[in-house]
Amino acid sequence: MFMKKKNNTERPLTPLPYDFKDEKFKDVTIEDIIKEVDVFPARRRYNRGTQLSFFLEDSSYDLKFLSNSVYSLRTKNALPNDVDSIKDISVKLEQEHELVVSEFDCKLPVVTDSTNLIMIKFFDLATQSYTGITHVVVPKDNTIGYLTQLLNNLLGYPIETPLIFYEELAQSQVQPLIPQQSFYKSELGNGDIIVATKADWGDDLLNKSLQFRSVEEITNFIEHRAHFNVSPLVKAQEDEEEFVIVENGKSSHTDEALEADQSTHKSTSFDFWFAVTGDYKGLATKIGEQIDVDPEFLRLFVITQNNTRLSLRRDQNFRRLLDRVPKSQTIEIQYEVLKVTLSQFEEMVLCKVSWVGQGICREQKHDFLVPKTSTVNHLIDRLESKGVIKPDERDELLCWTFDMPYRAPRVCNLDYTVGHSTHFVIGNYPNIKEALITRPVNIRLIPCIQFFTGLQNVHSIPFIFDLVDGEKFKDTKVRLHKLLGMSEKEFQSSRIAITDLKRVEYLDAEGRDDCVLFSVAKDNIYLAIDHPNRNTRRGTINEPSIFIKG
C-alpha cells in the first residue's frame, strides 16, 4: 500500500493494484507504480523532489488470521499454557505468531473499496504499556465492537471481556469511539489507528500507584515527553560540605546512620522518558526509584549545551525551561545525594569559618551548610565535634566577621545569627575577649589589616589587636608576632605600619622601637601588616598541596 502523511504520521492510504505472485506483474517498475497512483502530479509538473513510502503488509499478522488461529490451537490444547501467562503483550504476540505460522497457511486479505486497513494499538494498564500490536482488514459496515472478541482471544482475556476503543487522531489526541457504530459511520479509513483497552481493570489494580490510568493520560505523556540521561554528580573531595542540622536550639551534624544509608545508593547512569509537563517532585521520585534513594534527599542539575550546570529548584517549571529543546535531543541531568532533605538544604547558607587558634596567618578553612537561623554557637559546636577545639576552650574563644578584608572586623556574640554574614573567624584570644568585656582604660583595641606593598593589595582576614598603655613597640612586636603565628624569618621580612586607609606610615624607622603605639594610634587608625599573601603563593613542582577539609 502507498503511504501518506496524516496527522504527522505515515498512514497506509491506497492499495497498489498488483498481485506480485502473478507472473504478469513481475516486470512492474517504480515508474509504473507512480503513474498508477499519480499522487504527486503537481510536484512532478514543477520538477520537485518526491519521497514515496510504502506499507508492506505481512498477512500472518492480520488480526483475524492470528486470533482465529490462536483460538483453533487453544481448542485443540495445542497452545502452551505458559503463553497466556506472559505479561508483556509484544512477547506474547511474537510467541503466538511463531506457533500460528508453523501450523497454518495465511491468505492475504484484500483491501477493496468496501474494506479498510486499520492499525490496532493496545493500552495495558497493568504493565503500563502502549503497544502497536497488529492490523486488520475489515468491512466498512462492520461495527467497531466486532474487534472485541478477536482481541480478547488473541490477548488471552475471557472472550466477552468489555473493551473500550479510541481513534488516535495524533500522538497526543485520542477520541472515544462507539462500539455499536460502524467503521464507516465512525469515519475510519485506510491507515487509521484504533486504540483498545479493557473497560474494567479491577479495583485492586486501580488502587495501586500508577503513572498512567487511561489512554488519554499515556498519549498526553507521549506528546510531551523528553528523553533524559541521568548520571551522578562527581564532586572533588575538597568540595564536600559539612552539614549542620539545628533542632530545638541544639546543633548536630548529620546522623551517621543516615550518611551510611545514603552512601550505599546505586551510583549509576541511566536514561528514561519523562513528561516536561511534570514537576520536580515527579522527576526526583523517578530518579530515586532507580537509585534506591529517598527523593527528598536528591538535588538535581540540568547540563546546558555549553556544558554549564544549572541547579533545578523544587518549584521548577520544566515546560518553560525545556520549551526550546528539540524533542530529538537528550537532556542531561545530574543528581547529588544530600545528607539532609532538599527542603532543609534550600533553607541553608554556606558558611565559611576560618579557625585561627594557632595564629592569624595560620588560617584553617572550614565550610558548613547551616540553617539561616543558626548561631555562632552552632559553628563552635561543629568545630568541637571535629576536634579542632577542646570543650574547656569555649569560654576563651573570640569570633568576628567582616565584609571586606579592608573593613574593620565586627565581634560576634555566641547568639549572633549566621544569616547576617557568610564568613566568620574564630580563635582562642582570651585577653582580647576580656578587654572587650571590661573595657580597661590602659588597653586600646585596634583593627588590623594585611596588605602587600600598597593598600590596593589588601588580602587575608582582618583582625583585632590590643595595644597596652606604656608598652614599647619592641615588646608590642613580640606579642604581634605570636598573634600572627608567622615564622621568625617571615616576620622579620614583614613591615608593620599604621594607616587611615588613605596613606601608610611604616614603623620600621630607626628609633621606633621605644615608641608607644598606644599613644600613637588614634581613632580611625588601623594597624597594618605588609607581607605577601600566602593564599596566592605557588608551590614548586615537588611541594605537596595542603588542604584542610572543613
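Conditions tested, residue by residue: (1) closer than 18 Å to ILE446 by Cβ; (2) among the aliphatic types (A, V, I, L, M).
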position	(1), (2)
ILE380	no, yes
LYS390	no, no
ASP395	no, no
TRP400	yes, no
ARG407	yes, no
ASP415	no, no
HIS423	no, no
Open item on the list: Which condition from (1) open to solvent by 30 Å² or more (accessible area, probe 1.4 Å); (2) closer than 30 Å to GLN305 by Cβ is the one that PHE221 breaks?
Closed with: (1)
Task: Qualifying residue in segment 142-157 (condition: part of a strand (DSSP E or B), open to solvent by 20 Å² or more (accessible area, probe 1.4 Å), at pLDDT 95 or above and at negative phi) - done: yes
Task: Residues (surrounded by 12 or more Cβ atoms within 10 Å (Cβ to Cβ) and either modelled with pLDDT under 85 or in contact with a helix residue (DSSP H, G or I) (Cβ under 9 Å, 6 or more places away or on another chain) (or both)) located in segment 81-102 - done: VAL83, ASP84, ILE86, ILE89, LYS92, LEU93, GLN95, GLU96, HIS97, LEU99, VAL100, VAL101
Open item on the list: Checking the structure you have, find out if any residue of segment 512-521 is under 22 Å from PHE451 (Cα atoms) and at pLDDT below 80.
Closed with: no
Open item on the list: So, in segment 292-309, exactly how many residues are farther than 13 Å from ASN229 by Cα, under 13 Å from the mean Cα position of the chain (by Cα) and surrounded by 13 or more Cβ atoms within 10 Å (Cβ to Cβ)?
Closed with: 5
Open item on the list: Taking the condition of being surrounded by 12 or more Cβ atoms within 10 Å (Cβ to Cβ), in a helix (DSSP H, G or I) and modelled with pLDDT of 80 or more, how many residues in segment 260-291 meet it?
Closed with: 11
Task: Long-range neighbours under 8 Å by Cβ, at least six apart or interchain, first residue without any contact (Cβ under 8 Å) to a residue 12 or more places away in the chain within segment 301-323, second open to solvent by 60 Å² or more (accessible area, probe 1.4 Å) and of a type in the set (A, V, I, L, M) - done: THR304/LEU310
Open item on the list: Can you tell me which condition PHE463 does not meet? The list is (1) in a helix (DSSP H, G or I); (2) open to solvent by less than 40 Å² (accessible area, probe 1.4 Å), and all the others hold.
Closed with: (1)
Task: Subset tally (residues that are surrounded by 12 or more Cβ atoms within 10 Å (Cβ to Cβ) and within 23 Å of LEU79 (Cα to Cα)) for segment 104-119 - done: 2
Task: Residues located in segment 139-167, provided they are farther than 15 Å from LEU117 by Cβ, acidic (Asp, Glu) and touching a residue at least 24 places away in the same chain (Cβ under 8 Å) - done: ASP141
Task: Considering residues of segment 396-432 that are in contact with a helix residue (DSSP H, G or I) (Cβ under 8 Å, 6 or more places away or on another chain) and open to solvent by 50 Å² or more (accessible area, probe 1.4 Å) only, the residue nearest to PHE463 (Cα to Cα) - done: VAL411
TODO: Using the structure shown, decide if ASN413 is touching a Ser or Thr at 6+ places or on another chain (Cβ under 9 Å) and without any contact (Cβ under 8 Å) to a residue 60 or more places away in the chain.
DONE: yes
- [ ] Identify the residue in segment 187-215 that is more than 20 Å from THR161 (Cα to Cα) and touching a Pro at 6+ places or on another chain (Cβ under 8 Å) and, among all such residues, is most open to solvent (accessible area, probe 1.4 Å).
- [x] ASN190
- [ ] Output the residues belonging to segment 337-378 that are open to solvent by 40 Å² or more (accessible area, probe 1.4 Å), assigned to a helix (DSSP H, G or I) and either among the aromatic types (Phe, Trp, Tyr) or at pLDDT 90 or above (or both).
- [x] ASN377
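The values are calculated or read from the model by the stated rules, or taken from the named source; none is laboratory data. Note that this is a predicted model, so its numbers are computed, not measured. In this analysis, Cβ positions are derived from the backbone assuming ideal geometry, glycine residues included, and neighbour counts consider all displayed protein chains. All accessible areas refer to the heavy atoms of the entire protein, side chains included, with ligands and DNA or RNA removed. Shrake-Rupley method; radii C 1.70, N 1.55, O 1.52, S 1.80 Å.
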